[in-house]
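Scroll down for the structure; my scribbles are underneath it.
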Amino acid sequence: MLQYTFRRTLAVLPTIICLIVICFFLMRLAPGGPFTSERPLPPAIMANVLERYGLDQPLHVQLWTYLKNIFFHFDFGPSFSQRDRDVNDIIAAGFPVTLTYGFWSAVFVLALGIPLGIIAALRQNSLWDYIMTGFAIFSQIFPNFVLAPLMVLTFTLAWGLLPGGGWNGGQWEYVIMPAVALGTSYLANVARITRSSLLEVLGAPYIRTARAKGLAERTILWRHALKPTLLPVISYMSPVFVYMITGSVFIDVFFSTGGIGQSFIDAAYTRDYSVILGLAILYSVLTFVLNLGVDLAYAAIDPKVRSGLK
Amino acid sequence: MTNPQTPEQTPDNPEHHPRTMFGARRQHEAAELAAAEEMIVSRSFWADARRRFVKNRMAMIGCFFVVLIFLFAAFGGVFAQYNIEEIDWSLLGKVETEGGPNLTNGHWFGVDELGRDLYARVVQGTRVSLLVGFVAGITSVMIGSIFGAIAGYYGGRTDQFIMAAYNITLSIPYIIFFVVWQAFFGRSVTQMVLVMILINWTAGLLITRGQVMTLKNREFVDAARMLGLSDLKIIARHILPNMLWVIVIYTSITIPDAIMMESLVSFLGVGIQEPQTSWGALISEGASTMTYGTLWQLMFPALFFAVNQISLYYIGDGLRDALDPKER
């Protein structure tokens, strides 16, 4: 297990470095830059600006300095368009917000999706089951960027229950809609996976054995059926967690929550390369780490994988 | 499999013969005749699948709506009274009250926030969304299945290499990649299609790879190899026709995905560039102005988007039912 963890962690590092290098060169190859504007700067000032940000040096030197700063000082460099901030500041300001609603969204998905799936499986072909199937189709057709405006329309404009945007230090009213809008399509998928998985488990011979020896249905469900049911759900969690983070791009733009997604889009508009690069790296690292975490959790729970690792 | 037939040529099922018209004996003979005919001209796989697909009511309704939307994209512009950029100055400043859908002034769907005709813009948006979705979706699946076929057929190093590329691509957060790409290379339809193919090239890869892996050990492939056919010919002539159904199903799933991806990115404001537009961009504009009560600006594009996605979903579902041997 320890060895597996170690091996997986080591494999992530070169991928991340590859990614940084590719992004870095893509960025420098692209025409235009943060300092090209409609009124070109006088050459002397331009030279000063380039020197200030170290852009006058050869590319490989720039890349090396960049990598060195990231890995040894955890410094992503200054922002090109916001003169008084650096990328670390932007991350420090936005990331807690993103994490907060991402976390609540994940809670929402799991805490509702799994029970819904279980109910649908236990009452197969009942009204509950049909409602859930309908909901699953609905959420595929209405992705969150259609759903979110509709939610604001209903809960803010029509009923005035919840604020339609903003963050306000993360008060609960402000967290609900971002978290729900972010999670709905995944909620449907989690419910669907739980349902089919539980149906499969309930058909297994050992459940029949448990029934034959007279265990109560409840005991069968909680003691015997639940754990194997959750395995496919856990393996599905890695794209979910990843999306809870990358989905922030959309949530921040629509709800003005002020997470890192907004900074990312702003940076893309102003061609603020260091911010784009820094945030892209952050997103990618999180993606790898979350994937790794889910894989490890899976390995820890599934006896088949666990014994295979020894 | 080699000669696909139209449903007209296929003999009807014996059960479907009207029983009241014949006596018991003749009915029996007719059934026997039909059975014999069926043995001679056996239905091909594709004719069979088409039959099942046509019988699927939801899928047919889906096809109907998709055809409608395509017609709308192709010829809808003819009925537009304004072009996509023209600002109707007479409505400016009172869009909220008088800019709604109106049959007398030619703004069938109303006007947008800037007083531009929404009908013309929805036609334009439909064109862009369908174009990007279909071109990117189909091309991605083609590329994905070519790589899948190569990986499955050759195995070994080639397979490992392609699978490594596959895993890396999947682990890159696509929204991020998309935004970065658009920021660097400009926001045109071509770039959009290009980056979507780059992100989606893995579509269908895994499943074609698996198919090829099982197919390549079958006798008919051995026979082809013994006859001295080149690898390319074996893949193109003997393996591809046998897994075409997988590719068709996958394409039908990938196209709505691609449309959704395009819309999401346009919603974020880094998609298609003004004055061009797409469903996502229109929904985004509508969502930002709905506070003023101009709901039609959100509802028309959202309606087109939703109807299209529902239809494509049911078409994909119908194709899977019709083609997948496991579903039978």
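FYI, it's all coordinate maths here, none of it is from the lab. Not measured: the values here are computed from a predicted model. Note that each Cβ is placed from the backbone with ideal geometry, even for glycine, and that neighbours are counted across all protein chains shown.
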Return the long-range amide H neighbours of A:ASP86 (sequence gap of 5 or more, or a different chain), with a cut-off of under 5 Å between placed amide H atoms.
A:SER79
Once phi is turned into ³J(HN,Hα) by the Karplus curve 6.51 cos²θ - 1.76 cosθ + 1.60 with θ = phi - 60°, what whole-Hz value does each residue of region A:143-154 show in order, with x for glycine and proline?
x, 4, 6, 8, 5, 4, x, 5, 5, 4, 4, 6
Under 5 Å between amide hydrogens, which residues at least 5 positions from B:SER44 or on another chain qualify, with H placed 1.01 Å from N in the peptide plane?
B:GLN5
Treating the angle as unsigned and between 0 and 90°, give the value, to the nearest 10°, between the Cα long axis of helix A:87-122 and the longest Cα principal axis of chain A.
20 degrees
From other protein chains only, count the Cβ atoms within 10 Å of every residue's Cβ in B:182-193, then give the mean.
3
Other residues with Cβ under 12 Å from the Cβ of A:GLY77 give, with Lys and Arg +1 and Asp and Glu -1, a net charge of -1
Ordered by packing density, taken as the mean number of other Cβ atoms within 10 Å over each peptide's residues, highest first, how do B:223-235, A:132-144 rank?
A:132-144, B:223-235
Quick one: Cα convex hull volume of the protein assembly as shown, Å³ per residue?
245 Å³
Per-residue ³J(HN,Hα) for region B:142-155, Karplus 6.51 cos²θ - 1.76 cosθ + 1.60, θ = phi - 60°, Hz, x for Gly and Pro:
4, 5, x, 6, 4, 5, x, 5, 4, 4, x, 6, 8, x
Amide H of B:ILE87 versus every other amide H placed in the peptide plane: which residues, excluding those fewer than 5 positions away on the same chain, fall under 5 Å?
none
Helix B:24-40 sits at what angle to the longest principal axis of chain B, using alpha carbons and giving 0 to 90 degrees rounded to 10?
80 degrees
Peptides ranked, highest mean first, by Cβ atoms within 10 Å: ranges B:207-219, A:16-28, B:263-275:
B:263-275, B:207-219, A:16-28
Can you list the HN-Hα couplings for region A:78-86, worked out from phi with the Karplus curve (6.51, -1.76, 1.60; θ = phi - 60°), rounded to whole Hz and with x for Gly and Pro?
x, 7, 7, 9, 9, 5, 9, 10, 10
What number comes out for the charge environment of B:SER188, summing +1 per Lys or Arg and -1 per Asp or Glu over other residues with Cβ under 14 Å away?
-1
Cα-centre dipole for chain B with unit charges at Cβ (Lys and Arg positive, Asp and Glu negative), debye to 20:
1060 debye
What's the angle, to the nearest 10 degrees (0 to 90), between helix B:57-75's Cα axis and the longest principal axis of chain B?
50 degrees
List the equivalent ellipsoid semi-axes of chain A in whole Å, largest first, each obtained as the square root of 5λ for an eigenvalue λ of the Cα gyration tensor.
45, 26, 13
Residue-averaged beta-carbon neighbours from other chains (10 angstrom radius) around A:280-288:
3
Give me a single rounded figure for A:137-150: the average over its residues of other chain Cβ atoms within 10 Å of their Cβ.
6
Ranked highest first by the average count of other Cβ atoms within 10 Å around their residues, in what order do A:261-270, B:75-84 fall?
A:261-270, B:75-84
